[in-house]
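Working notes, beginning with the structure itself.
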Amino acid sequence: MQGLIGQKIGMTRIFDKETGEVIPVSVIETGDNVVHQVKTVEKDGYVAAQLGYGAVKESKLTKPVLGHMKKWGAAPSKVLKEFALDKADAELKPGARIGVEAFEGVKFVDVTGLTKGRGMAGTIKKYHFQRGRKTHGNTNYRERGSSGSNTFPARVFPGLRMASRYGNEFRTMKGLKLVKLDKENGLLLVRGAIPGKPRGIVFITKNR
């Protein structure tokens, strides 16, 4: 399996027994991911598996999603995500459960998560623009100033850095070192920070 769905627990630190180095790590709980569907070349044109994470009441799901899960005989899951398969997963069947052992021997991973939403933000907070001077009657303290438009081209070009929504976007941290696997508790310890708030859903994929 090329990836798993997990939940960001938070950050802590561990000590390298050989060097004594302090290693900051993000703790990700994957538990057991449930296989809801296995896609094949013959039927779907490619090979992949749809995994589910997190138990949820049937009343919380829409009828189409619930019908899809019942079709394959797997317990309802809160989050669904599709991942590519390894050669060793050729015999994988719907209803099977996959844990952190899928990442055994992997040194680096990519982690995708939804960043913290900060609402509407100005250019100083979002892009680190400089503030205006507080002297000689100047009142332009935190405004971005002119957008540069005049009679020509008489419009604002797309992508101009302006006040807008900040955060609440999917971001991927690539090449993070996988420090430790805790099979007993279903935990992955990844060096460094990952996107999202504590208890947020993240997607972990292998980065060889």
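The values are calculated or read from the model by the stated rules, or taken from the named source; none is laboratory data. In this text, all values refer to a predicted model and were calculated from it rather than measured experimentally. When we count neighbours, we look across all protein chains shown, and the Cβ atoms used for this are built from the backbone with ideal geometry, even at glycine.
Tabulated results
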item	result
Matching entry among Lys183, Lys125 (being surrounded by fewer than 16 Cβ atoms within 10 Å (Cβ to Cβ), among the basic types (Lys, Arg) and more than 30 Å from Lys81 (Cα to Cα))	Lys125
Matching residues, region 161-208, being touching a Gly at 6+ places or on another chain (Cβ under 8 Å) and in a loop (DSSP other than H, G, I, E, B)	Ala163, Tyr166, Gly167, Asn168, Lys183, Gly186, Ile194, Pro195, Gly196, Pro198, Gly200, Asn207
Top-ranked residue in region 85-119 [being acidic (Asp, Glu) and not in a strand (DSSP E or B); ranked as farthest from Pro198 (Cα to Cα)]	Glu91
Strands (runs of 3 or more DSSP E) contained entirely in region 1-77, each with at least 2 residues that are surrounded by fewer than 20 Cβ atoms within 10 Å (Cβ to Cβ) and either at pLDDT 95 or above or of a type in the set (Ser, Thr, Tyr) (or both)	3-15, 22-29
Top-ranked residue of region 127-153 - restricted to ones that are among the aromatic types (Phe, Trp, Tyr) and in a loop (DSSP other than H, G, I, E, B), ranked as farthest from Gly167 (Cα to Cα)	Phe152
Qualifying residue in region 69-86 (condition: of a type in the set (S, T, N, Q) and not assigned by TED's automatic domain parsing to the domain that holds Arg191)	yes
Residues within region 22-56 that are closer than 21 Å to Val202 by Cα and not hydrophobic (A, V, I, L, M, F, W, C), tallied	13
Leu51 within 18 Å of Ile5 (Cα to Cα) and among the aliphatic types (A, V, I, L, M)	yes
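Yes/no matrix, rows are residues, columns are (1) hydrophobic (A, V, I, L, M, F, W, C); (2) out of contact with any Asp or Glu (no Cβ under 8 Å at 6 or more places or on another chain); (3) in the same structural domain as Ala193 (by TED's automatic domain parsing):
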residue: Met1; (1), (2), (3): yes, no, yes
residue: Arg13; (1), (2), (3): no, yes, yes
residue: Gly20; (1), (2), (3): no, yes, yes
residue: Val25; (1), (2), (3): yes, yes, yes
residue: His36; (1), (2), (3): no, yes, no
residue: Thr40; (1), (2), (3): no, yes, no
